[in-house]
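The next block holds one structure in the form of structure tokens; read it before the comments.
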Amino acid sequence: MPRIILLPILSMLLSLLLSCEKTFDVNSVVDARSAQLVVVSNFTLDRTLQVYVSASQSILTDEPVGYIDNAIVELYRNEEFLTQLSFSEDKDKISNLPFYSAGDFHPQVGIRYTVKVDVPGFETVTAHSQIPTPIKMISSQISDLQFSETVGEKEVSVRYNVNVAFEDPGLVENYYHVNLLQQFREFAIIEQDTLYFREEMRPVVFSNQMNTNFQVAHIGGGLLLEDEGIDGQTIRLDLPVEFKYRPARDELGKLFIELRAVSKEYYQYFSTISRQDGVSDTPFSDPVIVFDNINGGQGVFAGFSTSSDSLVVGY
């Protein structure tokens, strides 16, 4: 199955936590004694481990979020010291945010990694996670494909269902994030030649009406699942998709399917932040407490693995 471009989930998460860029100075307007470190890292196979470090702020302040560039960020395998991460002068290409990098080191499946972050004036923070074993899809297909014109607009609605199946390993807790990404290619016909200008990948964002005790519509796209009640069984999903696009300008491309086997920390963090986003603003709504696994601080340090497939969507 072809390798796909990972969805920019980390970018979405960081945009929620870190709205504006500014280097943090512990002697500036933020009182380091009351602030906490915010550490964010979602790591996987075949990618350099990256860690984003900032300082928490009051929700009442209008000050931009402060990125910290003088942290000591260390990585451990079990209890063994591995490496000290270095601050990158180049920003991440997806999130456009500064980060600490583990260089050429790539994490492996099943190893318990610990990140430790020290910044003068702050409490030292730690977090633990590991990458689960990848889970392969046993089938994926598109069904009920329909196209319909939008009245008064030069747009077309495309609707279809995505059927995905995979085997859940038994006798162990498993957590998943199923991502769908629809490809569109902008084009123009010039002197009878078709020229392509850019490619857009649109994530499928589901309604929180799909939420149950064991599945949650991810705030950034896709569906989060846990295997309670279906342990060791074949998991079959029938996911509805709908997009609007302009056929005179955009060519409908492939659908990319990404099945992430995620750590418990990944599932707990993103499921609670997604449920919180879906809570009504009325005073009668039940509050949702966002999970995090940064001891002494805020954020998430979580591993995941990926298997993928792609399907042709067309007339």
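Say we look at the range 273-293 and pick out the residues that are part of a loop (DSSP other than H, G, I, E, B) and either under 30 Å from residue 118 (Cβ atoms) or touching a Lys or Arg at 6+ places or on another chain (Cβ under 8 Å) (or both); which of these is modelled with the highest pLDDT?
293
If the requirement is being surrounded by 19 or more Cβ atoms within 10 Å (Cβ to Cβ), in a loop (DSSP other than H, G, I, E, B), within 19 Å of the chain's Cα centre (by Cα) and aromatic (Phe, Trp, Tyr), which of these qualifies: 270, 301, 256, 206?
None of the other options fit; the residue is 206.
Would you check if residue 296 is modelled with pLDDT of 85 or more, touching a strand residue (DSSP E or B) at 6+ places or on another chain (Cβ under 9 Å), farther than 22 Å from residue 139 by Cα and open to solvent by less than 60 Å² (accessible area, probe 1.4 Å)?
The answer is yes for residue 296.
Would it be correct to say that residue 213 is under 30 Å from residue 114 (Cα atoms), open to solvent by 20 Å² or more (accessible area, probe 1.4 Å) and either in contact with a strand residue (DSSP E or B) (Cβ under 7 Å, 6 or more places away or on another chain) or not aromatic (Phe, Trp, Tyr) (or both)?
yes
When you scan the range 61-78, do you find a residue that is open to solvent by 40 Å² or more (accessible area, probe 1.4 Å), closer than 24 Å to residue 293 by Cβ and either within 19 Å of the chain's Cα centre (by Cα) or modelled with pLDDT under 55 (or both), even just one?
There is no residue in the range 61-78 that is open to solvent by 40 Å² or more (accessible area, probe 1.4 Å), closer than 24 Å to residue 293 by Cβ and either within 19 Å of the chain's Cα centre (by Cα) or modelled with pLDDT under 55 (or both).
If I filter the range 138-146 for residues that are open to solvent by 20 Å² or more (accessible area, probe 1.4 Å) and part of a loop (DSSP other than H, G, I, E, B), do I get at least one hit? Show your work before the answer.
Kept after step one, since they are open to solvent by 20 Å² or more (accessible area, probe 1.4 Å), are these residues of the range 138-146: 138-146.
With part of a loop (DSSP other than H, G, I, E, B) added as a condition, the list becomes none.
No, every residue in the range 138-146 fails to be open to solvent by 20 Å² or more (accessible area, probe 1.4 Å) and part of a loop (DSSP other than H, G, I, E, B).
The values are calculated or read from the model by the stated rules, or taken from the named source; none is laboratory data. Bear in mind the structure is a predicted one, so any value in this text is a computation, not a measurement. So basically every Cβ, Gly included, is an ideal-geometry build from the backbone, and we count neighbours across all protein chains shown. Side chains are part of the model used for accessible areas, which takes the heavy atoms of the whole protein and leaves out ligands, DNA and RNA. Shrake-Rupley method; radii C 1.70, N 1.55, O 1.52, S 1.80 Å.
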